[in-house]
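J.: Below you'll find the structure I mean.
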């Protein structure tokens, strides 16, 4: 059986019904179910049209102000995730919707980036690191009080960042 009849087939079905064909005869001729012909006839009698109505779908969950607030929050806090931005701006949609709105904003300074891939150490790198460690071995206590150790992750200590950072769009 055909999925949908064309307008020409529907018009032909209505013409046959007007020529006193039964629903069963028209359905058999067009190779569709009797209920299909019944609904074509009913739609024509009630609404004077053959096409199915165009559906509008559901509306957007957020308005332009809420979208702009989300984008502005991420612009001012580049290291926050979309989930955190959604939570703090009271964005009404899901985290996935917030991610879509950030991507749709089109702002070039909101780049969602994947983490950089770590390059394996070559023998030369290993030798340089050992040499550096040996040089620092005899430093005094006052020197080590001014050293900041990092686990090589991107972080923002405080204040604002002048250049755009990494925006994680993952939840």
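The values are calculated or read from the model by the stated rules, or taken from the named source; none is laboratory data. Computed from a predicted structure; not experimentally measured. Neighbour counts run over all protein chains shown; Cβ positions are idealised from the backbone, glycine included.
J.: I'd like the full set of residues that are free of Cβ contacts under 8 Å to residues at least 60 places away in the same chain and surrounded by 13 or more Cβ atoms within 10 Å (Cβ to Cβ), limited to region 97-106.
T.: Matches in region 97-106: 97, 98, 100, 101, 105.
J.: Identify the residue in region 53-89 that is free of Cβ contacts under 8 Å to residues at least 24 places away in the same chain, more than 17 Å from the chain's Cα centre (by Cα) and exposed (fewer than 13 other Cβ atoms within 10 Å of the Cβ) and, among all such residues, is nearest to residue 42 (Cα to Cα).
T.: 53
J.: Find the residue count for region 1-26, including only residues that are without any contact (Cβ under 8 Å) to a residue 40 or more places away in the chain and either in contact with a helix residue (DSSP H, G or I) (Cβ under 6 Å, 6 or more places away or on another chain) or not in a loop (DSSP other than H, G, I, E, B) (or both).
T.: Looking only at that region, the number is 14.
J.: Now for a separate question. Consider residue 49 against the criteria (1) at pLDDT below 90; (2) surrounded by fewer than 14 Cβ atoms within 10 Å (Cβ to Cβ); (3) within 30 Å of residue 104 (Cβ to Cβ): it satisfies all of them except one. Which criterion is unmet?
T.: Answer for residue 49: the failing condition is (3).
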